[in-house]
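Read through the structure below, which is laid out as structure tokens, and then see the notes.
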Ligand SMILES: *Cc1c(COP(=O)(O)O)cnc(C)c1O
């Protein structure tokens, strides 16, 4: 492993001291309370409280949170689901697993889907709208919900990157019929494996989600529908119960780190920062800006020991796995442009002030040298 000055993954730092977590995990193991156990019930309550919904349901992964939410609102083979063109593969994976078809709309400067382009994509087959709170930013949910009401199409939020983000002071995951969250090790709230959660305010949907994640079983011996085996592991829920206490604080730290980056990078004319809107609380799962000579800057930063990344370098809609959608380059021009110009810098809660300065100074130097 390279000896990075500014590494991307903070997991070794985060889990240096884990005795208190192991103690809690040990208890689950020694009581054999592995499936749908006490820790899971508690974690679901804690999570619903954190986001501000009536209910939360733990599932296997963020991808399953999306799939099971779509199934709960009745999505089936042949239906169309409108979503953002530049998202992570998991968003469309959840749609395609049900045999439904992802219908993309292009994005705005803030990386989230452009709500003004949605109506033109609605057909008789459109059965859900799936906005993605990409990078930890929430799209214009007022506009989106108005479209949802007008056409009576349910909204499922892909809030996997958006825990504690909000639009007009209303949290992500509280707008749609459900909100989908991921507990993947590199998400803002993480566990020691895969995991996910679905939030909802509807009792009816809540009951359906609980059935769907556990084979449709209503008791030990009877099932009323067929479902999935997608329970959130009770051991992971125990880990989650330890870590959920830190989420508010770490979110604040990420926001503050991003603010520091903004204050330095906005002075560099070759860097463009998306507009920061007051009514939109960005939780910076990713810190992404646009950079001139992006590829050279990336190379320079890597050489300087800064582990920056591109989220994502290849357009989703042009990937081989989605060839059946028959898209061609240019179908989503903003997404295309962003792929070529974006760069992500580490922004997590464990970075020191010195590391943050090191990053901004490296970017400054790069453009000074390249004049
Ligand atoms: C991480 C992520 C997911 C899915 O998460 P998993 O828990 O890894 O299945 C879905 N959508 C987006 C935008 C994500 O970043």
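Since every read-out is calculated from the coordinates, none of them should be taken as a lab result. Keep in mind that this is a model prediction, so the values were computed, not measured. Note that each Cβ is placed from the backbone with ideal geometry, even for glycine, and that neighbours are counted across all protein chains shown.
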Inter-part distance where region 217-242 and region 154-191 are each reduced to a Cα centre, Å
20 Å
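222 nm [θ] for the chain, helices only, -39500 (n - 2.57) per DSSP H run of 4+, per residue, to 500? Please report the intermediate quantities before stating the final value.
Numbers: 12 runs with 138 residues, N = 371.
Dividing the helical sum by the residues of the chain leaves -11500 deg cm²/dmol.
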If each part is reduced to its alpha-carbon centroid, region 74-104 and region 1-72 end up apart, in Å, by 25 Å
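Report the convex hull volume per residue for region 247-369, counting only C-alpha atoms, in Å³.
140 Å³
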Connecting C-alpha atoms closer than 10 Å in a GNM of the chain, tell me which of 55, 312, 137 has the biggest fluctuation.
312
Once you place label points 7 Å from the Cα toward the Cβ at residue 22 and residue 279, how far apart are they in nm?
5.0 nm
Quick check: the distance between the Cα centres of region 284-323 and region 336-353, to the nearest angstrom?
8 Å
Stretchable slack from residue 354 to residue 143, in nm (0.36 nm times residue separation minus alpha-carbon distance):
71.9 nm
Can you pull the Kirkwood radius for region 241-317, inverse mean 1/r over Cα pairs, to one decimal in Å?
14.6 Å
Rg (Å, one decimal) plus Dmax (Å, integer) for the alpha carbons of the chain?
20.8, 72
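Given a Förster distance of 35 angstrom, what is the FRET efficiency for residue 42 paired with residue 307, based on the Cβ-Cβ distance and rounded to 0.05?
On the way: r = 36 Å, r/R0 = 1.02.
The formula returns an efficiency of 0.45 here.
Assuming R0 = 41 Å, can you tell me the calculated FRET efficiency for the pair residue 152 and residue 89, based on Cβ-Cβ distance, to the nearest 0.05? Let's see the in-between values first.
Working: r = 29 Å, r/R0 = 0.71.
The computed FRET efficiency comes out at 0.90.
How much of the DSSP beta bridge set in the chain is antiparallel, as a percent to the nearest 5? The partial results should precede the final answer.
Details: 24 of 39 bridges.
Bridges in the chain are about 60 percent antiparallel.
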Full-extension gain in nm, residue 299 to residue 361, via 0.36 nm per residue minus C-alpha separation:
20.8 nm
Fewest to most Cβ atoms within 10 Å: 96, 112 sort as 96, 112
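FRET efficiency for residue 324 and residue 49, Cβ-Cβ distance as r, R0 = 56 Å, nearest 0.05? Intermediate values should be presented prior to the final figure.
Values: r = 42 Å, r/R0 = 0.75.
The pair residue 324/residue 49 has a calculated efficiency of 0.85.
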Expected max-MSF residue from 307, 207, 39 in the GNM of the chain (alpha carbon, under 10 Å) is 207
Note the full-extension length gain between residue 219 and residue 340 as 0.36 nm times their separation in residues minus their Cα-Cα distance, in nm to one decimal.
38.3 nm
